[in-house]
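Below: one structure, written as structure tokens.
The values are calculated or read from the model by the stated rules, or taken from the named source; none is laboratory data. Since the model is a prediction, treat every value here as computed from it, not as a measurement. Because the Cβ atoms are built from the backbone with ideal geometry, glycine has one as well, and the counts that use them run over all protein chains shown.
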Amino acid sequence: SKQGKWVEMGSLITDEILNTFAVVGPPNHVAGELHRRYGDVIQRINFYAPYASDPTTWSSVIADIKSA
């Protein structure tokens, strides 16, 4: 922000808003939630985590998505 109020801006985003635009939850719930929301509508997906994570976590999520 031009005023440097990044922390303040983050506090304006409620869980409801976040969950509208992102799938939020533990890795073992991601595939099910994506399938519930989008069914057969999506053909591609991209993952983003703002932190370092174990690649095997994403491997299991991808396997879950493919099997859904």
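Restricting to the range 31-54, and then to whatever is at pLDDT 90 or above and of a type in the set (A, V, I, L, M, F, W, C), can you tell me which residue is surrounded by the most Cβ atoms within 10 Å (Cβ to Cβ)?
In this case the residue turns out to be A31.
Would you check if there is a residue in the range 55-62 being exposed (fewer than 10 other Cβ atoms within 10 Å of the Cβ) and either part of a helix (DSSP H, G or I) or not small (G, A, S) (or both)?
yes
Show the residue pairs that are 6+ apart or on different chains and have beta-carbon atoms under 8 Å apart, the first residue being within the range 5-22 and surrounded by 10 or more Cβ atoms within 10 Å (Cβ to Cβ), the second being hydrophobic (A, V, I, L, M, F, W, C) and assigned to a loop (DSSP other than H, G, I, E, B).
L18/V24
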